[in-house]
């Protein structure tokens, strides 16, 4: 699982045109300035207007990030080292030292985890002195002992069966050895000896389970014949007796030594979940397995302090409550925004650019100018689209002189006329004419506002004329009344803004005294005309807050 450092330029949840277009254009600017690994992304579904713009300019929709919570795959990036369950402990010790690790996943023929071999616990059995009889005990198969010693088989009987043996060394004189043979259970005995033909003969005649001859000593044919009769396995090793003893002791297949009670996790599991399990559990680590069950890594407590390879550049917002979920768990390196400052803070100094312009795209355009970099035709079109969308084709009260002065510059590089392009993008993006269900239309851009104990629910949609609204006003009114009742709103309303005429209609479901206190001219039942009102935030909300505070 190679570690790939990525820097995502991303807007807020439920992204609008300014959020998407500024992310794409700013990501390209930073790439041209030499920042590696920069990718434009989005934190939600692209709306109808934005999709029209991307299709018109032949720009791909940015990558969707449902969240950026650090996951196990982000920090467990080392090449995994595993060992087959039939391999001897000697092989495990070799791997521990070769790769400087302390845990080894034990796998079967298919690469599936069957256990976790811990260096400390596994070696306790071999290295910590205990009673002599236990030190003699060897759990292994003759095949694993052969592999461990690198020995040559002279005769084998049932070599793959794992058995419990007692290990002895034939270093006595023949007279005393003949008496010793009577004190052991030959069928459970491994005898290691060197160039001692008498000892070899007595052992084979007694029927020991395995005779290991050290020093690469040749085996007499008569001895082999007796071994075949008595089902005695014989191995010849090039090693001396001392090394044969040590390696035989650690010939136990690791499958017998591995911890069977181990933790399994997936690469996509949250790192915070792993932190809880390792911090409050007794397990020193967890085996990371793919969806197919193949071992992909080992996660330990040391991984919990590693940083996620994902970094963020936030555009069109600066509050974590609006950011992609998990933004507080990764490093934020830049913020490019035009909204009020929220509760944002970082551990390290970052690049933070915030200007009270009509759109984030306006801000990004000025950064292109300051850097002396000309935007491509597509990026200039994106910046123009975000500017026109957020300023309602320069008619919103949030529009500044900087926004207006950018229009000719963006028209030059995009080849677009801002009036024609603006009318097209608003016509294409109007949810009123899209046939969307009434409730979905109301919630397209919907926010709650508190006035003391009262709560107001206000939605807004933009249209190029009021024709489609008048066709749907009755069903919209029914849905507003339902929403007001369900949510307990004092007022539920939909602001329908004609961006061509620069005026709005307000459809309301509110208290019976509303016509007497709202101070807007009533066009018909439950509908008020708000001449010159384009901004819910700057024009409608402040007025309604005053009205209901005094109600």
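Looking at residue 228, is it assigned to a helix (DSSP H, G or I), touching a residue at least 60 places away in the same chain (Cβ under 8 Å) and more than 24 Å from residue 91 (Cβ to Cβ)? In short, yes.
All of (1) assigned to a helix (DSSP H, G or I); (2) surrounded by fewer than 21 Cβ atoms within 10 Å (Cβ to Cβ) hold for residue 25 with one exception: (2). When the stretch 445-473 is filtered for residues that are assigned to a strand (DSSP E or B) and over 14 Å from residue 504 (Cα atoms), the ones remaining, listed by number, are 446, 447, 448, 449, 450, 451, 454, 455, 456, 457. Please return the ranges of strands (runs of 3 or more DSSP E) entirely within the stretch 487-543 where 2 or more residues are surrounded by fewer than 18 Cβ atoms within 10 Å (Cβ to Cβ). It comes to 522-524, 527-531. In the stretch 196-217, of all residues being part of a loop (DSSP other than H, G, I, E, B) and out of contact with any strand residue (DSSP E or B) (no Cβ under 8 Å at 6 or more places or on another chain), the one that is farthest from residue 244 (Cα to Cα) corresponds to 207.
Checking the conditions here, which among 235, 256 is assigned to a strand (DSSP E or B) and either assigned by TED's automatic domain parsing to the domain that holds residue 112 or over 34 Å from the mean Cα position of the chain (by Cα) (or both)? Result: 235 is the single residue among 235, 256 that is assigned to a strand (DSSP E or B) and either assigned by TED's automatic domain parsing to the domain that holds residue 112 or over 34 Å from the mean Cα position of the chain (by Cα) (or both). Within the stretch 87-100, does at least one residue satisfy the condition of being under 30 Å from residue 17 (Cβ atoms) and touching a helix residue (DSSP H, G or I) at 6+ places or on another chain (Cβ under 8 Å)? No; the residues of the stretch 87-100 include none that is under 30 Å from residue 17 (Cβ atoms) and touching a helix residue (DSSP H, G or I) at 6+ places or on another chain (Cβ under 8 Å). Being closer than 24 Å to residue 11 by Cα and surrounded by fewer than 21 Cβ atoms within 10 Å (Cβ to Cβ) holds for only one residue in 400, 391, and it is 400.
Per-residue answers, yes or no, for (1) surrounded by 20 or more Cβ atoms within 10 Å (Cβ to Cβ); (2) modelled with pLDDT of 90 or more; (3) farther than 20 Å from residue 85 by Cα:
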position	(1), (2), (3)
288	yes, yes, no
294	no, yes, no
301	no, no, yes
304	no, no, yes
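Restricted to the stretch 426-440, and to residues there that are in a helix (DSSP H, G or I) and at pLDDT below 90, the residue that is nearest to residue 457 (Cα to Cα) is 440.
Inclusion of residue 188 among residues that are modelled with pLDDT of 90 or more, within 20 Å of residue 245 (Cβ to Cβ) and more than 55 Å from the chain's Cα centre (by Cα) is not warranted.
All told, residue 256 falls short of being touching a helix residue (DSSP H, G or I) at 6+ places or on another chain (Cβ under 6 Å) and under 22 Å from residue 148 (Cβ atoms). What do you reckon, is residue 106 in a loop (DSSP other than H, G, I, E, B), touching a strand residue (DSSP E or B) at 6+ places or on another chain (Cβ under 6 Å) and not assigned by TED's automatic domain parsing to the domain that holds residue 329? Taking the combined requirement at face value, the residue does not satisfy it.
The values are calculated or read from the model by the stated rules, or taken from the named source; none is laboratory data. Predicted model, so just to flag it, every value in this text is computed and none were measured. Cβ atoms come from the backbone with ideal geometry, glycine included; neighbour counts cover every protein chain shown.
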